[in-house]
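Single-structure report; data block below.
The values are calculated or read from the model by the stated rules, or taken from the named source; none is laboratory data. What you see is a predicted model; the values in this text were computed from it and never measured. Glycine gets a Cβ as well: all are built from the backbone with ideal geometry, and neighbour counts include every protein chain shown. Side chains included, ligands, DNA and RNA excluded: accessible areas come from the protein's heavy atoms. Shrake-Rupley method; radii C 1.70, N 1.55, O 1.52, S 1.80 Å.
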Amino acid sequence: MSWKWEYAFSAEATARTAPAPFLREVEKKADELVHMCEVTYLHAGDHQGLDPKGATLTIPGGMITYQVVVRRERVYIVQITAVEW
């Protein structure tokens, strides 16, 4: 398995109507988060602790909220908010 990101919950539905430039920023930040997790959790399948706390990040044009699930090697984008498009 390898680290990936995906939309979760209502973020997927919101992404269908969000402006394309904002979605490019969301995808760029999600890719950065995946890379960070690849480096931080080298042996994700053996992870025994709790998953890290999710966070909200400001990105150009809005913000995203994400959650990392280490054993599944996933970064879930759980909310996106476009504010300046």
The chain: mean projected area of Cα convex hull, nm²: 5.3
Under DSSP loop assignment and at most 16 Cβ neighbours within 10 Å, longest trypsin sites (Lys or Arg not before Pro)-free interval of the chain: 17-52
Share antiparallel - DSSP beta bridges, the chain, percent rounded to 5: 75
For D51, residues with placed amide H under 5 Å, excluding near neighbours: none
Relative contact order (percent, whole number), the chain, Cα cutoff 8 Å, 6+ residue spacing: 40
Filtered GluC sites (Glu not before Pro), the range 10-85: DSSP coil and at most 10 other beta carbons within 10 Å: E84
Crossing angle, helix 20-40 versus the chain [Cα axis fit, 0-90 degrees, rounded to tens]: 10
Of all accessible heavy-atom area on the chain, the percent that carbon and sulfur account for (1.4 Å): 54
Residues of the chain: accessible area per residue with a 1.4 Å probe, Å²: 64
Of L42, L23, L57, the one that fluctuates the most in a GNM where the chain has Cα springs shorter than 10 Å: L42
